[in-house]
Amino acid sequence: MDEIRFAVLGTGGIGRRTLEVSTYRDGLTPVAACDRHGVAIDHDGLDVDELLAATEGNIASDGGVTRVKETGEQKGVAASTQADQTATPIDDIIAESDAVDAVLIALPNFEHEFIPKVADRFVEADYSGVLVDVLKRSRVIGMLDERADAFAECGLTFVCGAGATPGLLTGAAALAAQSFVEVEAVDIWWGVGLKSGYEDNRGTVREDIAHLPDYDLETVREMGDGEIEAVIDAHDGVLEFHDMEHADDVLLERAGICEAADVTVGGVLDVTSDEKPTTTTVRVTGTTFDGERGTNTVELDDDTSMAANVNGPALGYLKSAVRRHRAGEYGVFGPAELLPRF
Ligand SMILES: NC(=O)c1ccc[n+]([C@@H]2O[C@H](COP(=O)([O-])OP(=O)(O)OC[C@H]3O[C@@H](n4cnc5c(N)ncnc54)[C@H](O)[C@@H]3O)[C@@H](O)[C@H]2O)c1
C-alpha cells in the first residue's frame, strides 16, 4: 500500500496521541494538524516529537474552558515551531486537502452537528479522500448517514465511531457475534484510569459527565472548569456510568448484527489513578445454528490505556478506509462493516 498522508483535526488528549501512535505504524505520514488556535502543515511530514514537546501540558481545549494550561507563549499547537496561529484552522487544512489522503477528526462533540458540519465543509471543497472520526454519540451516526449520497458524489469515504467504544469494542462485538445465528444482547463495560484526569482529557471527561443522571451535553457545555472539577470531586474521582448513549448500538444494528436496543454500554472512569478501575469487556450473547445459547466474551488487558485503545484502532480503521477509498468505495461505514459481515 502506498504511503498515506494524513491530517489530525484537534490535538487534544486524543489527537496528540494519534500523532504519537502513528510513528509506530508503517506507511503513515502526518502532514497536517490543528487545534482551535493554530495549524501545522508540512507535506514532507510533520516532526511529531517537536510538536508533542511543544504541546506537552499545553492543550488548547474548549467546551466552556477558559483556563488553558500553557507552558509557552502560544496556546496549544501554535507553540510548535512548525505551526502558525490562525483563526481558521480547519479551513487551512481543507485548503491543502488535495495532498491529504485521510483526515482523523479528534474534535470535541459537545454539539451533535459539529462533526457532520465539519464533514460538509470537506464536501463543499470537493474533497475526495477519507474522513475518520472517534465520536461517541449514537444520534450523530444518523446525521452522517443523511450525508452518505453527498459523500459518495464527491468520492469521500467516511468511517464513523472508530475509537475504542464505539470502535475497537464494536468491532470486537461484530467478531464475537459470528458464532451465533441470532444475537440477543451485546453488553459493553469499560474501565478507564486517567491519572492525568481532566487536565489532559478535557473533551473526553466533560462529554462523559454528560452521561451522568441530571446532566446532558447542553449543561456540561456551559459548565466552567471549577464546576466540572466539583462533579469529579463529589464522586471522589471515580465516575460510574450506565446506559450510555454510545454509538456501538446503532453501528451494530446497521451492520445487521442485532437491534440497537439490545446493546448496552456502561463503564467506570477513575481520574485518580492510571490503573483501570474495572476490566473492559464485551459480552455477546446469542444462539448458535445448532441450538446452543452462549456468551462470547472479549476482554482487554488492564494494562492497555485508553489512548492506546482509541488511537490504535482509529489508525487501523483509517488504513482500512484508505483501501476502500482506493477501491472506489465511498459513503459512510461503521467499524463493524469493515469486519466479517452478518
Ligand atoms: N470513541 C472513543 O472511544 C473515544 C474515547 C475518548 C475520546 N473520544 C472523543 O475524542 C474527542 C476528543 O477528545 P479529547 O479528550 O482529545 O478532547 P480535548 O478537549 O482534549 O481536545 C479537543 C481538541 O480539539 C480542538 N478544537 C476544538 N474546537 C476546534 C475547532 N473549532 N477547530 C479546530 N480545533 C478545535 C481543541 O483545541 C483541542 O485541541 C471527543 O469528541 C471524545 O468524545 C472518543
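The values are calculated or read from the model by the stated rules, or taken from the named source; none is laboratory data. Because the structure is predicted, anything quoted here is derived from the model rather than measured. As a convention, Cβ positions derive from the backbone with ideal geometry for all residues, glycine included, and neighbour counts pool all protein chains shown. Quick note on the areas: whole protein, heavy atoms, side chains included, nothing else; ligands and nucleic acids left out. Shrake-Rupley method; radii C 1.70, N 1.55, O 1.52, S 1.80 Å.
Close contacts from segment 299-320, counting a first residue that is closer than 13 Å to residue 25 by Cα and a second that is open to solvent by 50 Å² or more (accessible area, probe 1.4 Å) and more than 9 Å from the ligand (Cβ to nearest atom), with Cβ to Cβ under 7 Å and a gap of 6+ residues or different chains, come to 315/25. For segment 271-279, the count of residues that are in a loop (DSSP other than H, G, I, E, B), among the β-branched types (Val, Ile, Thr), within 19 Å of residue 165 (Cβ to Cβ) and away from the ligand (no atom under 14 Å from the Cβ) is nonzero.
Helices (runs of 4 or more DSSP H) fully within segment 95-201 that include at least 2 residues being more than 16 Å from the chain's Cα centre (by Cα), assigned by TED's automatic domain parsing to the domain that holds residue 292 and within 12 Å of the ligand (Cβ to nearest atom): 197-200. Pairs meeting the criteria (first residue in segment 174-201 and of a type in the set (Asp, Glu), second residue open to solvent by less than 10 Å² (accessible area, probe 1.4 Å), beta carbons under 6 Å, at least 6 apart or on different chains) are 182/286; 184/286. Taking segment 1-56, which residues are assigned to a strand (DSSP E or B) and within 15 Å of the ligand (Cβ to nearest atom)? Selection gives 7, 8, 9, 30, 32, 33, 34, 38, 39, 40, 41. Return yes or no: is residue 205 under 20 Å from residue 190 (Cα atoms), in contact (Cβ under 8 Å) with a residue 60 or more places away in the chain, in contact with a Phe, Trp or Tyr (Cβ under 6 Å, 6 or more places away or on another chain) and among the aliphatic types (A, V, I, L, M)? Yes. Filtering segment 319-342 to residues that are in contact with a Phe, Trp or Tyr (Cβ under 8 Å, 6 or more places away or on another chain) and open to solvent by 70 Å² or more (accessible area, probe 1.4 Å) leaves only 330. When the residues of segment 242-255 are filtered to those that are open to solvent by 10 Å² or more (accessible area, probe 1.4 Å) and away from the ligand (no atom under 16 Å from the Cβ), which remaining residue is farthest from residue 190 (Cα to Cα)? Among them, the one singled out is 254. Of all the criteria given as (1) farther than 30 Å from residue 178 by Cα; (2) in a loop (DSSP other than H, G, I, E, B); (3) open to solvent by 60 Å² or more (accessible area, probe 1.4 Å), the one not satisfied by residue 212 is (3).
Here are the criteria: (1) modelled with pLDDT of 95 or more; (2) more than 15 Å from residue 337 (Cβ to Cβ); (3) open to solvent by less than 30 Å² (accessible area, probe 1.4 Å). Tell me which single one residue 109 does not satisfy. With respect to (1) modelled with pLDDT of 95 or more; (2) more than 15 Å from residue 337 (Cβ to Cβ); (3) open to solvent by less than 30 Å² (accessible area, probe 1.4 Å), residue 109 is out only on (1).
Number of residues in segment 215-231 that are away from the ligand (no atom under 14 Å from the Cβ) and either of a type in the set (Asp, Glu) or touching a Phe, Trp or Tyr at 6+ places or on another chain (Cβ under 6 Å) (or both) equals 5.
With respect to being assigned to a helix (DSSP H, G or I), of a type outside the set (Phe, Trp, Tyr) and surrounded by fewer than 24 Cβ atoms within 10 Å (Cβ to Cβ), residue 239 falls outside the description.
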